[in-house]
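The values are calculated or read from the model by the stated rules, or taken from the named source; none is laboratory data. Since the structure is predicted, the reported quantities are computational estimates derived from the model, not experimental observations. Using ideal geometry, Cβ is built from the backbone for each residue, glycine included, and neighbour counts are taken over all protein chains shown.
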Amino acid sequence: MLGLIDRMGRRIPAVVTIVLLGVLLPTIVSAQEVAPERTPEIVLADSIRSAMAAERPAGDYSTDWVDVVGFPLKVIGFPVELVLIRIPAYAIGAFTAPRPPGFITRTLRTSNEAGVYPGFRTSIGPQSGLGAGIFVDTFDPVYLNTSISLHGSQRHQVGVGFDGERAHAEAEFRWQRDARVRFFGIGSSTPDEFVVYRREVVDVGATAGFQATRQLSIDVGIGFEDNFVREPLSLGDETSLFEVFGPGELFGSEGRQRYVRIEAATELDLTHQRDFQRRGVSFRAAGSAYRGVRDTDSEFHRLAFTAQGHLPLNDRQVLALRGHTELTRSETGEVPFYHLAALGGENSAIGFTSNRFTDLDMVSVTAEWRFEIWRDIHNSSRIETFLHFGEGAVAHRLEDIESSDWHESYGFGFRGATTENLLGVLFFGFSDESFHVNVTGEWQP
Amino acid sequence: MKCAILAPLMWGVAACSSGVPVPSRPTPIVWADTLPIAEPPGRDIDEVLNLIRTSVSGEISDVIGFRAITGKHHEALNTDHFDDVVNSAWFIHRNARHRMTPEEIFRGPTTSEGPSEGPLTIVAAKVQGISPGYTIRDASGDRYVVKFDPKGFLYLSSGAGVISNRLLHAAGFNVPEDYIFTFATDQLEVDPDATVTDANFVEQPLTLQVARDALSRTDSLADGQYVAIASKFVPGPPKGPFLFNGVRRDDPNDHYVHEGRRELRGLNVVSAWINHVDMRFMNTMDAYVSPGFLRHYLIDFAATLGSGTIRSHEPREGLEYNFDFWDTFGRIFSLGFHRVGWERTDWVPIHPTIGWLPGEDFDPVQWKANWPNKAFNSMTDRDGYWGAKLVGSFDAEQIQAAVAAGSLPDAWAADTLAKILLTRRDKIVEYWYARVSPIESPALTTSPTDETALLFEDFGIRDRGWTAEQTSYTWQFEDSATGARQAGTAGPGAGQRLMIPELEGQPGRAAQTDDKYATVDILVERDGRAANRSATVYLRWTGTTYEIVGLTH
């Protein structure tokens, strides 16, 4: 039994002992010289606690039959949980815990205050890549945007932009290099073997836009572009376009093509956005006319029509439908291959890689069923899942499309987004010729 | 080798299944965890890491764990022989043991009227983040944490904070002194040493202008004054939060693993009552109090009742975790068709001072806090009933007194909130009191005709309003020492009294001194529907009569 022993040799019950100690200890202690670290009342308390150990229930559970039977489950589950849950949890916790910002965060904040906004985009999949860029508007309305990818692609833009309440205007100079672009050939039944090329573009243009009503906008523009298709920077074990297409076999692959471009677009947007969910329909029509200059003997124009509908099934599910067609017509019969209409990629046929099929005309219809699976408590970010189905075709003329030209594509994936930014997409794309996984992360301030 | 591995496991099984009768088991010692300890250092727990671990890892572990699959959760560790807890640094019996007056409920833990008249010196300010506030020192030198209501919702979080403070205090938990108080901006002064942390976590000198700017995030009263909740610093230095699992290793008094503490398991039910969805470790605090032990506090009740601190509560809160692993995966694999009830709930705040708080639609079974924790997840029916007893101890008058402490300016709102709390109370009591046989305070009495009867209090009749006519009891007496057995029923209207002839005992029988006890199992039925489990009253033969030595539910 726990307890002090009184003068008669009787044990004092534990409860009384504790109460007595609580009352008497301060007096006892005050009359003693207190040791610097282990005060007498703590030493005494330790001994009382030791004595109490046998007097009160155990502080933790002893093993029972459930533990014994469940032991194998724990053995199996522990490494799985360690890899799938605990380590990622530690990583997320380490990255997101509120703490004084490190050098990178402080640098980012300082640069943002100075009008310099770094961003990045990474993609893991058939065409993996990692790109980083900087947008600068320190001297607004002048801006500078420059980005570079690990493969050597680059894009540098400098311009001046004016944004009014209902109108805007920009003028921009752009130099862009696509370091390694895939080309599968022209037509709807090309094999899934591709060649690669590099394209460099100098583009000088000006656009102006006018918001006629809240729903209707009109944009017009004029520009000059200088295109140059060359050997890719690094070939690896891939095949160069120039190994397959000889001189004169593929318009646009030889020399430089320079065009003056006139473009116009109009959009009727009847959608409404509430939190993350869009509802309603929108239509967009765009046209651009290209006239070759200097020694480029080519003239063509392109038309693109897009209709989109977002049909909410409820407040967290939406059916997104999209129809898109591109038509390319040439007066001279020559259209550079890189300006042809293309099918494939995240927006038109996710079971195929980007630019999988090219020809003068293209049509695609997609349906995406999106449903939210998680939203944070402050309604500032969420994760949605989507099921995607798409049909698309390319042809020399839209009316020539036959049933065998249609390519089915389907898949599913996840999108993470804040109210301001798309953070990342993970999707699994399927088609009759391939299956691929694509992970894209993006941060654009 | 196999034997070497299995032996300790089997020993454990044997040790646990030995079935020591409840009255022979060790019992917790009153105030045992208030012995002096060396002052522990403060601790700062990584909030995000902990929340992710508990919300994802914890949930998965619970599901793939055999204990969760079988539903064989351990019973609480720190219960006494009458299925209760003893007073400790965690919990003090208050209203459920001795009815508090409405005035006592209204006053709660407070010892004054709040920050005193005169200058309020700001010693620190939080101007970033979603909820701005100050740390102030009043003219008498007392320090308070001051927080404001969101714009358009005056009294929402401050009122909820104070009301829940009073209810949790009366229930028995340690809480700080929280006050609704009003002040004028000309009372504000800034301590010369006061600093404010900027967005880069760099401390900058605090200016009066910066402090006043924080007030732009709230509304003022008609007379230009501001209203806020002021939470007085608890006595003794803060030592960081406590967790809902494990023990605090630098506290030698911390004997029972927290997930095994009845108070923390039962807190789940009390939290459900006041809709304390933000009940997580970050809203707890250990303080090193005189004469030198850690007292365990619940703090910050701004996100309770209908308040979500910076806005009204929404239907998801209280029904789904912030990251609910299984509901989320349910949506994925059901292609979005897995839609729980709250996703179809149309709602608007009941009143700007109340926010949104379901009454008739409240489901005590489905309720959950925003973040899971191990103590709540380990709750058994007995723990739930214990928590429900705390809730059921409040009557309408007491609830109204607690609501009055929130100073809601609109009488209709105050009345409505009290009614909702009463409704939620009834639903909790109705559910949890049916999970067990709510028999309390057993006693033996001898009637004038020399018949021994077992008297008890049926809390279902006391708190729920079931009548004696609706209630019947099936009982079974068994004395393992003599082998005597007897069973019977007491039909509707029998009252809270069982006539059990065997309780009269056998004259001349020696006192029982070993671990052999007599038991009376009592199963309560309401309108013919039996409770989930029976209560067991333990008796020991003293040589002349039986005495009651234990009770489990």
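Given B:Ser112, B:Ser116, B:Ser140, which one is touching a residue at least 40 places away in the same chain (Cβ under 8 Å), of a type in the set (S, T, N, Q) and not in a strand (DSSP E or B)?
When all the criteria are applied, what remains is B:Ser112.
Looking only at helices (runs of 4 or more DSSP H) that fall completely inside segment B:44-107, which ones have 1 or more residues that are surrounded by 18 or more Cβ atoms within 10 Å (Cβ to Cβ) and at pLDDT below 95?
Passing ranges, in order: B:47-52, B:58-64, B:66-70.
So, of the residues in segment B:408-441 that are more than 25 Å from the chain's Cα centre (by Cα) and of a type outside the set (Gly, Ala, Ser), which turns out to be surrounded by the most Cβ atoms within 10 Å (Cβ to Cβ)?
B:Asp410
Can you confirm whether B:Tyr144 is of a type in the set (Ser, Thr, Tyr), at pLDDT 95 or above and farther than 25 Å from B:Gln398 by Cα?
yes
Would you check which residues across segment A:194-226 are over 30 Å from A:Leu270 (Cβ atoms), touching a residue at least 40 places away in the same chain (Cβ under 8 Å) and within 29 Å of the chain's Cα centre (by Cα) and list them?
A:Phe194, A:Val195, A:Val196, A:Tyr197, A:Arg199
Can you name the number of the only condition in (1) closer than 18 Å to B:Phe173 by Cα; (2) away from chain A (no Cβ under 14 Å); (3) of a type in the set (A, V, I, L, M) that B:Val365 fails?
Condition (1) is where B:Val365 drops out.
Residue check: is B:Glu263 touching a helix residue (DSSP H, G or I) at 6+ places or on another chain (Cβ under 9 Å), part of a helix (DSSP H, G or I) and either within 25 Å of B:Trp31 (Cβ to Cβ) or at the interface with chain A (Cβ under 9 Å from one of its Cβ atoms) (or both)? Give the steps one after another, and end with the answer.
On the way: touching a helix residue (DSSP H, G or I) at 6+ places or on another chain (Cβ under 9 Å): yes; part of a helix (DSSP H, G or I): yes; either within 25 Å of B:Trp31 (Cβ to Cβ) or at the interface with chain A (Cβ under 9 Å from one of its Cβ atoms) (or both): yes.
Answer is yes for this residue.
So that you can scan it fast, the table gives a plain yes or no per residue for (1) under 30 Å from B:His313 (Cα atoms); (2) away from chain B (no Cβ under 14 Å):
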site: A:Gly333; (1), (2): no, yes
site: A:Leu343; (1), (2): no, yes
site: A:Met362; (1), (2): no, yes
site: A:Phe371; (1), (2): yes, no
site: A:Phe389; (1), (2): no, no
site: A:Gly392; (1), (2): no, yes
site: A:His396; (1), (2): no, yes
site: A:Trp406; (1), (2): no, yes
site: A:Phe435; (1), (2): no, yes
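Can you pull out the residues in segment B:198-228 that are within 18 Å of B:Arg143 (Cβ to Cβ) and part of a strand (DSSP E or B)?
Answer for segment B:198-228, where residues must be within 18 Å of B:Arg143 (Cβ to Cβ) and part of a strand (DSSP E or B): just B:Ala228.
Please enumerate the residues belonging to segment B:532-553 that are buried (at least 22 other Cβ atoms within 10 Å of the Cβ), under 25 Å from B:Arg464 (Cβ atoms) and among the hydrophobic types (A, V, I, L, M, F, W, C).
Within segment B:532-553, B:Ala535, B:Val537, B:Leu551 meet the criteria.
Which of the residues spanning segment B:295-329 are in contact with a strand residue (DSSP E or B) (Cβ under 9 Å, 6 or more places away or on another chain) and in a helix (DSSP H, G or I)?
Within segment B:295-329, B:Asp327, B:Thr328, B:Phe329 meet the criteria.
Considering only residues that are surrounded by fewer than 17 Cβ atoms within 10 Å (Cβ to Cβ) and more than 25 Å from the chain's Cα centre (by Cα), which ones fall in segment A:172-193?
If the condition is that a residue be surrounded by fewer than 17 Cβ atoms within 10 Å (Cβ to Cβ) and more than 25 Å from the chain's Cα centre (by Cα), then A:Phe173, A:Ile186, A:Gly187, A:Ser189, A:Thr190, A:Pro191, A:Asp192, A:Glu193 are the ones that fit.
Only one of these conditions is not met by A:Arg415: (1) over 23 Å from A:Gly309 (Cα atoms); (2) of a type outside the set (Val, Ile, Thr); (3) in a strand (DSSP E or B). Which number is it?
Single failed check for A:Arg415: (1).
If you check A:Ser409, A:Ser404, which single one turns out to be under 29 Å from A:His301 (Cα atoms) and outside any strand (DSSP E or B)? Don't jump to the end; show me each part of the working.
Numbers: A:Ser409 fails: outside any strand (DSSP E or B).
Just one listed residue meets the conditions, A:Ser404.
Looking only at segment B:458-479, how many residues end up being more than 23 Å from B:Lys427 (Cα to Cα) and exposed (fewer than 15 other Cβ atoms within 10 Å of the Cβ)?
0
Does A:Gly351 satisfy being among the small types (Gly, Ala, Ser) and either modelled with pLDDT of 90 or more or in contact with a Lys or Arg (Cβ under 9 Å, 6 or more places away or on another chain) (or both)?
Numbers: among the small types (Gly, Ala, Ser): yes; either modelled with pLDDT of 90 or more or in contact with a Lys or Arg (Cβ under 9 Å, 6 or more places away or on another chain) (or both): no.
Against the criterion (among the small types (Gly, Ala, Ser) and either modelled with pLDDT of 90 or more or in contact with a Lys or Arg (Cβ under 9 Å, 6 or more places away or on another chain) (or both)), A:Gly351 does not qualify.
Scan (1) under 30 Å from B:Ile350 (Cβ atoms); (2) at pLDDT 95 or above for the single condition B:Trp466 breaks and write down its number.
All conditions pass for B:Trp466, except number (2).
Is at least one residue of segment A:92-103 at the interface with another protein chain (Cβ under 7 Å from one of its Cβ atoms), surrounded by 14 or more Cβ atoms within 10 Å (Cβ to Cβ), outside any loop (DSSP other than H, G, I, E, B) and modelled with pLDDT under 75?
So far as segment A:92-103 goes, yes, one or more of its residues are at the interface with another protein chain (Cβ under 7 Å from one of its Cβ atoms), surrounded by 14 or more Cβ atoms within 10 Å (Cβ to Cβ), outside any loop (DSSP other than H, G, I, E, B) and modelled with pLDDT under 75.
Could you go through segment B:445-457 and let me know if any residue there is surrounded by fewer than 16 Cβ atoms within 10 Å (Cβ to Cβ), part of a helix (DSSP H, G or I) and not aromatic (Phe, Trp, Tyr).
No - not one qualifying residue is present in segment B:445-457.
Looking at A:Ser189, A:Ser217, can you tell me which residue is hydroxyl-bearing (Ser, Thr, Tyr) and within 29 Å of A:Gly252 (Cα to Cα)?
A:Ser189
Give segment B:229-246 a look and list any residue that's in contact (Cβ under 8 Å) with a residue 40 or more places away in the chain and in a loop (DSSP other than H, G, I, E, B), or say none.
Hits for segment B:229-246 are B:Phe233, B:Val234, B:Pro235, B:Gly236, B:Pro237, B:Lys239, B:Gly240, B:Pro241, B:Phe242, B:Leu243, B:Phe244, B:Asn245.
For segment A:355-374, indicate whether the set of residues that are out of contact with any Leu (no Cβ under 6 Å at 6 or more places or on another chain), part of a loop (DSSP other than H, G, I, E, B) and modelled with pLDDT under 90 is non-empty.
Among the residues of segment A:355-374, at least one is out of contact with any Leu (no Cβ under 6 Å at 6 or more places or on another chain), part of a loop (DSSP other than H, G, I, E, B) and modelled with pLDDT under 90, which makes the answer yes.
State the number of residues belonging to segment A:378-420 that are over 20 Å from A:Gln317 (Cα atoms) and either out of contact with any strand residue (DSSP E or B) (no Cβ under 7 Å at 6 or more places or on another chain) or not small (Gly, Ala, Ser) (or both).
Counting residues in segment A:378-420 that are over 20 Å from A:Gln317 (Cα atoms) and either out of contact with any strand residue (DSSP E or B) (no Cβ under 7 Å at 6 or more places or on another chain) or not small (Gly, Ala, Ser) (or both) gives 15.
With the requirement that a residue be more than 7 Å from chain A (Cβ to nearest Cβ) and in a helix (DSSP H, G or I), what does segment B:26-40 give you?
B:Asp33, B:Thr34
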